[in-house]
Amino acid sequence: MSEEKRDALHPEELSLRIQEIGLKWPVSWDMDYDGITCRVHVQDRTHNIRVDKYTREDPDGRYFHPLHELAHCKLSEEIDPCFSALQCGHEADSDECRRLYLIYVPIDVWVNQERHKHWPEAMRNEQVAVCKEMVQIAKQNSYMFFQPELLLTLALSMAEDFLFDTMVGEQLRRIKNYLPPALHGSVAEIRKAIVDMGQITPCVESLQYYMREFARILSFEELIQVRLEYSARHQCQVVYWKE
Ligand SMILES: [Zn+2]
């Protein structure tokens, strides 16, 4: 595939991409969703990918986000439905859900590794766009990196740059220079855990292990217990409970 960006959301491109990654189950698309995500329906052996307005209109995001979701679908067919998406069993905006989403984020190192096998340019496009945003935030208000969402995004970028040589080292160093010193230890710890994850073969047991590990690093292991389970009852989505 050429280095030039291609509009992954064009219907012809979508079917080509599905063939390239080798999905066996059919994919339906919902182009008017609130957020970008996917679902696997194990009984029907189908996937559903949901795309939001932001991704549809974003000149960068539309080139790599849909491919990321296809890689989730691929891992959910090949490894376990838990690799498709996370659905919390609690109120969507509860603290429990927010914590669960946070510790699920590092799964993306495996998802992006799968995407990278088929479309290496997507990783670089994503890293350039994400780093550009993070440099802006770091320059304007580096204390925003105390938000775990942002801290995880930064650590994931650093880990991916190490694992896949995405050539954004210079931008990452700039961001690091702006970071409050109190965050240096946590970002290094999260980066290391994600690099370790990226070097093992993905499986449900490892995903569960690392979700607990990230809860420990983010200091809420007392508040959360992770149990991975695929639940057909919950609209065939993956559900995690606080026990
Ligand atoms: Zn993802």
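Could you give the C-alpha radius of gyration of the chain expressed as a fraction of 2.2 N^0.38 Å, taking N as the number of residues it contains?
This ratio for the chain stands at 0.99.
For Lys24, which aspartates and glutamates qualify as cross-link partners when the Cα separation must be under 20 Å and same-chain residues fewer than eight apart are set aside?
Partners found: Glu12, Glu13, Asp44, Glu69, Glu77, Glu78, Asp80, Glu114.
Compare the Cα positions of Cys131, Asn177, Ile224 along the charge dipole of segment 11-240 (+1 at Cβ of Lys, Arg; -1 at Cβ of Asp, Glu; about the Cα centre) and return the one farthest towards the positive end.
My answer, from the dipole projection, is Asn177.
Which value, in debye to the nearest 20, gives the size of the charge dipole of segment 99-243 about its Cα centre, when Lys and Arg are +1 and Asp and Glu are -1 at the Cβ?
Result for segment 99-243 is approximately 260 debye, rounded to the nearest 20.
Relative contact order of the chain, please, whole-number percent, based on alpha carbon pairs below 8 angstrom and at least 6 residues apart.
Reported relative contact order: 20 percent.
What are the aspartates and glutamates whose alpha-carbon lies under 18 Å from the alpha-carbon of Lys139, with same-chain residues fewer than 8 places away excluded?
Glu149, Glu170
Charges only on Cβ, +1 for Lys and Arg, -1 for Asp and Glu: so what's the dipole of the chain about the Cα centre, in debye to the nearest 20?
Dipole magnitude for the chain comes out near 340 debye.
Which of the listed residues, Asn141, Tyr54, Thr166, is farthest toward the dipole's positive end in the chain, when Lys, Arg count +1 and Asp, Glu count -1 at the beta-carbon?
Going by the charge dipole, the pick is Asn141.
Just so you know, all these numbers are worked out from the coordinates, no wet-lab data involved. Just so it is clear, the structure is predicted and the values come from calculations on it, not from any experiment. Counting neighbours? That spans all protein chains shown, and the Cβs are built from the backbone with ideal geometry, glycine included.
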